[in-house]
Amino acid sequence: MTKHIKPKLLKAKLLKPKFLKADKLRLNQVGALPFRVVDGEIEVLLVTSRETRRWLIPKGWPMKGKKPHKAAAQEAQEEAGVKGKIADKPLGHYDYWKRRLVHFDLCRVDVYPLEVSKQLKRWKEKGQREARWFKAQEAADQVLEPALAGLIRQLPGKVADPAVSV
């Protein structure tokens, strides 16, 4: 017995995407916002992307079996060569368009502040990226994503706030 679909239902199934909510269209990533305090001033470590060489924070995909903040800390170690104390709650998030070979994907990055205590001499992606310390305001001016710039700008107030534990 052949199942017949009414023309209206067929048209709806063909035209309607499987995922309707914006959240389902967006991929999730985790990122670390490495910082240090030098002479009472917050400095932020940015890295360049491998392909476009623009400034950004270490970030990547969630890792099976790892809590999101721990995965963000691992990305910071692999991409920027830094270790330290990472917050278990994100400072916030930002969205960006990830360039693929033939299309772009919308990604949301949950950003975890990482107070750097150690900078490694060697790390996984050392030769593939540049890593540089910036004063917080200058770092915010270097990144292209407005929401990420906003998170960087609010970092000094959050670090000074005893209610925010990193």
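The values are calculated or read from the model by the stated rules, or taken from the named source; none is laboratory data. In this text the structure is predicted, and so the values were computed from the model without any measurement. Every residue, glycine as well, gets a Cβ built from its backbone with ideal geometry; the counts of neighbours run over all protein chains shown. These area figures cover heavy atoms from the full protein model, side chains too; ligands, DNA and RNA do not enter into them. Shrake-Rupley method; radii C 1.70, N 1.55, O 1.52, S 1.80 Å.
In the set (1) surrounded by 14 or more Cβ atoms within 10 Å (Cβ to Cβ); (2) within 17 Å of the chain's Cα centre (by Cα); (3) of a type outside the set (Gly, Ala, Ser), the condition left unmet by Lys126 is number (2). Tell me which residues, restricted to segment 108-166, are out of contact with any helix residue (DSSP H, G or I) (no Cβ under 9 Å at 6 or more places or on another chain), hydrophobic (A, V, I, L, M, F, W, C) and at pLDDT 95 or above. Within segment 108-166, just Ala147 meets the criteria. Listed by first and then second residue, the pairs with beta-carbon distance under 6 Å, at least 6 apart or on different chains, first residue in segment 52-64 and farther than 18 Å from Ala140 by Cα, second at pLDDT 95 or above and aliphatic (A, V, I, L, M), are Pro62/Val30; Pro62/Ala71; Met63/Ala71. Applying the condition of being open to solvent by less than 40 Å² (accessible area, probe 1.4 Å) and among the aliphatic types (A, V, I, L, M) to segment 95-119 and asking which residue is nearest to the chain's Cα centre (by Cα) yields Val109. Residues that are crowded, with 19+ Cβ neighbours inside 10 Å, among the aromatic types (Phe, Trp, Tyr) and out of contact with any Phe, Trp or Tyr (no Cβ under 7 Å at 6 or more places or on another chain) occur in segment 71-94; there is at least one. Taken over segment 130-151, the criterion of being within 17 Å of Arg36 (Cα to Cα) and either among the polar types (S, T, N, Q) or touching a residue at least 12 places away in the same chain (Cβ under 8 Å) (or both) is satisfied by Ala131, Arg132, Trp133, Phe134, Lys135, Ala136, Gln137, Ala139, Ala140, Leu151.
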